[in-house]
Amino acid sequence: MKEKISIQITSDKLNLQTCYDFVQDDSCGGIASFVGTVRNTTKNKTVNKLVFSAYEPMAIKEMKRIAEKALLKFEINKIAIHHAVGNLLIGDVPVIITVSSAHRGAAFDACQYAIDTLKVTVPIWKKEHFDDGEVWVNSHP
Amino acid sequence: MKEKISIQITSDKLNLQTCYDFVQDDSCGGIASFVGTVRNTTKNKTVNKLVFSAYEPMAIKEMKRIAEKALLKFEINKIAIHHAVGNLLIGDVPVIITVSSAHRGAAFDACQYAIDTLKVTVPIWKKEHFDDGEVWVNSHP
Amino acid sequence: MIIEILFFGMARDIVNENKINLELNENKDVNFLVNLLEEKYPKFSSINSFSVAVNEEYVKKDIILKNNDTVAIIPPVSGG
Amino acid sequence: MIIEILFFGMARDIVNENKINLELNENKDVNFLVNLLEEKYPKFSSINSFSVAVNEEYVKKDIILKNNDTVAIIPPVSGG
């Protein structure tokens, strides 16, 4: 089911339209999407930037696994999961997920499943940079 | 809360990036969206086009009401609800909803609430055109 | 009193008009108007199940109409 | 046997290396390797709670390592 799945990890800017165009086709009635964006604060501290790093070959495998499971679990047509690495500033986009389906409920469910699972299983890490230092997010398990 | 809400009914093409840009701001961590698209079939019949018509002033009021309720019910930052009227072909976009929030759960919930409610309360109608005739969708209550 | 009546969707197709004006006696409710329309347009058998808006707000059908009200006949919506 | 060990996220900061190679006797499991790393890097007290991948797949820590395996130390992930 390769042509139903688009997976990408890139240091380029992610593009919502690219992800939308990949999943859109004539048999779909709706496209649900999630775009993660870098917030300007964490726990009331001002964030300057986030730096994302990945164990790239394994992250790609895990993202594919999420997409394949989503196609099995939900009645969806196609799914794209793109993730950025490197330096991201406030408002920049670390992740985009788009899902198309004939009926919208499945697209919403699959999109939420994909982002929820990505945050648990995909080996990608972010470090928050503040004026007075930097910290790995989720560094205290 | 007017500046948190973008409502539009238009015979122009809807634009996902416009809706994204409206809701994006530095305090949001995620943007959930739903894009409705015209499918090529209904109940296994080939669709040629859909024609959307609206009771426009009332539809605008009802869409605003949905947006205001979403801002009260869910912890979201901003919401855009844009709807197209006129002739739409396969793949064209009748509706776009984008929602931004600090945390993604609220954005997903509000986006689903908005499209679910729109389909029940907003006075917009679509007629499906087939090779052998045309039919009002939902015309048998 | 004068009431403006707007037709949308399949209601417009049945009535073959966008809108009409009707003269009614005072103190008539929406039900009265709907029954009148059903008589006037015999093909319009489904009108009783449709929603009605007065001045761009959904209303219950026992609401009393006022002069210059705009009544919209709202078949089941299908936006999105 | 030779095992390649990859460090990511906070593990990389603690160890101050992207990767190292270690020579182990045969028939050692992941737990054995993790304990060895904890001794080698005393600052690395949290390593026991981290996940481990062998050849790009998450594994349980009682899995036996083979020559040329690539072991990745995976601190809590924070993508998205």
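Every number in this text was worked out from the coordinates using simple rules, so none of it is lab data. In this text, all values refer to a predicted model and were calculated from it rather than measured experimentally. In this analysis, Cβ positions are derived from the backbone assuming ideal geometry, glycine residues included, and neighbour counts consider all displayed protein chains.
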List the trypsin sites (Lys or Arg not before Pro) in the range B:1-85 that DSSP assigns to loop (not H, G, I, E or B) and whose Cβ has at most 10 other Cβ atoms within 10 Å. Which are they? B:Lys13, B:Lys43
What average count of beta carbons from other chains do you get within 10 Å of the Cβ of residues in B:52-63? 4
Compactness relative to 2.2 N^0.38 Å, alpha carbon Rg of chain B: 1.08
Considering the convex hull of the alpha carbon atoms of the protein assembly as shown, report its projected area averaged over all viewing directions, in nm², one decimal. 25.2
Estimated 222 nm signal from helices in chain B, with DSSP H stretches of n ≥ 4 weighted -39500 (n - 2.57), rounded to 500: -10000 deg cm²/dmol
Per residue of B:34-45, other chain Cβ atoms within 10 Å number on average 5
In nm, spacing of pseudo-spin labels at A:Asn87 and A:Thr10 (7 Å Cα→C-beta vector): 2.0
Over the range A:2-140, what relative contact order in percent results from Cα pairs under 8 Å that are six or more residues apart? 36
Going by Cα centres, the range D:39-73 and the range B:66-86 are how many Å apart? 47
Nearest residue to the symmetry axis between C and D, taken on chain C by its Cβ, in whole Å: C:Gly80, 14
Which of the aspartates and glutamates could a cross-linker span from D:Lys66 if the Cα-Cα distance has to be under 16 Å and same-chain partners fewer than 8 positions apart are dropped? D:Glu4, D:Glu23, D:Glu26, D:Asp29, D:Glu56, D:Glu57
Gain upon complete extension [D:Asp62, D:Ser49; 0.36 nm per residue less C-alpha separation]: 3.3 nm
Counting only other chains, what is the mean number of Cβ atoms within 10 angstrom of the Cβ of each residue in peptide B:96-106? 2
Percentage of interatomic Cα-Cα distances in chain C larger than 16 Å: 45
Options C:Met1, C:Ser45, C:Leu65, ranked by Cα towards positive dipole end of chain C, top entry (Cβ charges): C:Ser45
Under a Gaussian network model of chain A whose springs join Cα atoms within less than 10 Å, the largest fluctuation of A:Val23, A:Val99, A:Val35 belongs to A:Val35
What residue among D:Leu33, D:Leu22, D:Leu65 shows peak mean-square fluctuation when chain D is described by a Gaussian network model with Cα springs under 10 Å? D:Leu22
State, as an integer percentage, the relative contact order of chain C based on alpha-carbon contacts under 8 Å between residues 6 or more apart. 41
What are the distances, in nm and sorted shortest first, from the label point of D:Asn21 to the label points of the same position in each other copy, with each label point placed 7 Å from Cα along the Cα-to-Cβ direction? 9.5
Which distances, shortest first and in nm, link C:Lys60 to the matching position in the other copies, using label points set 7 Å out along Cα to C-beta? 6.3
Determine, from the Cβ-Cβ distance of B:Asn44 and D:Tyr41 and an R0 of 60 Å, the FRET efficiency 1/(1 + (r/R0)^6), rounded to the nearest 0.05. 0.40
